[in-house]
């Protein structure tokens, strides 16, 4: 059987209106996962906000509710894998589920071993093995979106305190400082390699205010974004003649 990452307990949300199913799924997954259960869309949405989750296992039918309709609400919270459970293999349902943001589905009755293997595969495909690596990948994938420590911790299945401690141990800085570092590095790359407007670049790296972006960028790099771009362009132009000479010498040598 594929095993999940042992470095920290990952929290899984099971959404099913049948208590017996929730109990069976919990028995199949815990340990090593910490399993939470919800019977309705409202309960599931509340748990998704309150509890950092690594994945969601969702029944396609929740009593009178449509389980697939819950997926967009969950997607507003995070991009964690969602595994759909369905009592029938309807192709139309599968297509609708995948379009909504579901990663995979299993038909009922669900075999516990198959469930654990599918879940571990989704988690392994989604993130690198260590929590800090998962957080770093999430930051780079979601860079343009507003992000706080709670959302980041929830996306990798850790508490905010645990994530902050691990980040400082491995990277020497807090997750917030790492996020800012990545945003400014990406902004610098875009300023050097594109002609996009500074306001556009600010939005692409997650700053909602161009003024705030310019202020932070100047504090770190010593130049405004426009000055930084102009300085880089001058350096490129000044190095061009020497590059041409080098190329000519190589050609003549050949």
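Here residue 165 clears all of (1) closer than 30 Å to residue 34 by Cβ; (2) touching a helix residue (DSSP H, G or I) at 6+ places or on another chain (Cβ under 9 Å); (3) surrounded by fewer than 15 Cβ atoms within 10 Å (Cβ to Cβ) except the condition numbered (2). Screening residue 12 against (1) under 20 Å from residue 103 (Cα atoms); (2) in a helix (DSSP H, G or I); (3) touching a residue at least 60 places away in the same chain (Cβ under 8 Å) leaves a single unmet condition, (2).
Every residue in segment 72-86 that is in contact with a strand residue (DSSP E or B) (Cβ under 7 Å, 6 or more places away or on another chain) and at pLDDT below 85, please. Selection gives 74, 80, 86. Counted as qualifying within segment 28-134 are the strands (runs of 3 or more DSSP E) with 1 or more residues that are more than 17 Å from residue 11 (Cα to Cα), namely 55-59, 82-86, 104-107. Screening the candidates 188, 157 for the property of being at pLDDT below 95, in contact with a strand residue (DSSP E or B) (Cβ under 9 Å, 6 or more places away or on another chain) and outside the structural domain of residue 56 (by TED's automatic domain parsing) yields one hit, 157.
Annotation for segment 102-110: no member residue is within 22 Å of residue 142 (Cβ to Cβ), under 22 Å from the mean Cα position of the chain (by Cα) and modelled with pLDDT under 80.
The values are calculated or read from the model by the stated rules, or taken from the named source; none is laboratory data. No experiment lies behind these values; they were computed from the predicted model shown. Don't worry about glycine lacking a Cβ; one is built from the backbone with ideal geometry, like all the others, and counts go over all protein chains shown.
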